[in-house]
Amino acid sequence: MEDDLETLVLEILLARIPNWVSEQMVRSRVGYATPDEVTQALADLVAAGDVETEIDPTGIIYYRLMRREGLPVRRTVKIGDREIPRLLENSSPKFLPEHFNDAMEQLAELSTTLEQRFKRLVAEEQRRYWANVVGIFSILVSVLALILTSLPKIVSDPNLPFGAALLMNLSQILPLALVLTVLVVALRWIVR
């Protein structure tokens, strides 16, 4: 288990070369280990000569790989579909401010894009919901209106043949049914 933890710590440090990485950041990336196990793994790696350490003036301990030559350095960080330049420890200080500014601008643009996409999705879902509600209620009202207004008009003359009685009753009910159908479709279309 300790070898696995040391390997994971080395992978974390490798992904962040040439930058220094705080012990707290290593702990946050190793979810299953206790803080004492991470501290011990880092101490073992320092003792083995694989990792170097440095303490900043505030007392925070930082680590990085001792041998960095020939190892691949990630130049960008991917956030969503955007590539943002990494701030590297060995970069010239005069170039860092604009790297930082550009990274913040790209993050702000991504945040705005995600927010607009989320608002659009919510609005579409609300329109779809209300269209369904209006459609269901208009169908119910139409069926009730059809029943209430058509029942008194139905003629049941026993002297008429079935086809003639059907056509006569259908001719009285059909115009109302067509108007109500058009109303239901129009309401759904308007709400959508």
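The values are calculated or read from the model by the stated rules, or taken from the named source; none is laboratory data. What you see is a predicted model; the values in this text were computed from it and never measured. Cβ placement follows ideal geometry from the backbone for every residue including glycine, while neighbour counts extend to all protein chains displayed.
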Query raised in the report: Does the stretch 44-61 contain any residue that is without any contact (Cβ under 8 Å) to a residue 12 or more places away in the chain, exposed (fewer than 14 other Cβ atoms within 10 Å of the Cβ) and assigned to a strand (DSSP E or B)?
Result: yes
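Condition check ((1) assigned to a helix (DSSP H, G or I); (2) surrounded by 13 or more Cβ atoms within 10 Å (Cβ to Cβ); (3) within 53 Å of the chain's Cα centre (by Cα); (4) at pLDDT below 75) across all residues:
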position: Gly135; (1), (2), (3), (4): yes, yes, yes, no
position: Ile139; (1), (2), (3), (4): yes, yes, yes, no
position: Ser142; (1), (2), (3), (4): yes, yes, yes, no
position: Leu148; (1), (2), (3), (4): yes, no, yes, no
position: Ser156; (1), (2), (3), (4): no, no, no, yes
position: Met168; (1), (2), (3), (4): yes, yes, no, no
position: Thr181; (1), (2), (3), (4): yes, yes, yes, no
position: Val185; (1), (2), (3), (4): yes, no, yes, no
Query - Test: Glu23 is in contact with a Ser or Thr (Cβ under 8 Å, 6 or more places away or on another chain), surrounded by fewer than 18 Cβ atoms within 10 Å (Cβ to Cβ) and within 23 Å of Arg74 (Cβ to Cβ) - result: yes
**Report entry** The one condition in (1) modelled with pLDDT under 85; (2) over 26 Å from Leu88 (Cβ atoms) that Asn19 fails to fulfil
**Finding:** (2)
Requested in this report: Could you list all residues from the stretch 73-85 that are over 18 Å from Val9 (Cβ atoms) and either in contact (Cβ under 8 Å) with a residue 40 or more places away in the chain or assigned to a loop (DSSP other than H, G, I, E, B) (or both)?
Outcome: Val73, Arg75, Gly80, Asp81
Query raised in the report: Which residue out of Arg74, Arg128, Arg82 is in contact with a Lys or Arg (Cβ under 8 Å, 6 or more places away or on another chain) and at pLDDT below 85?
Result: Arg74
Query raised in the report: So, of the residues in the stretch 35-50 that are more than 14 Å from Asp4 (Cβ to Cβ) and β-branched (Val, Ile, Thr), which turns out to be nearest to the chain's Cα centre (by Cα)?
Result: Thr39
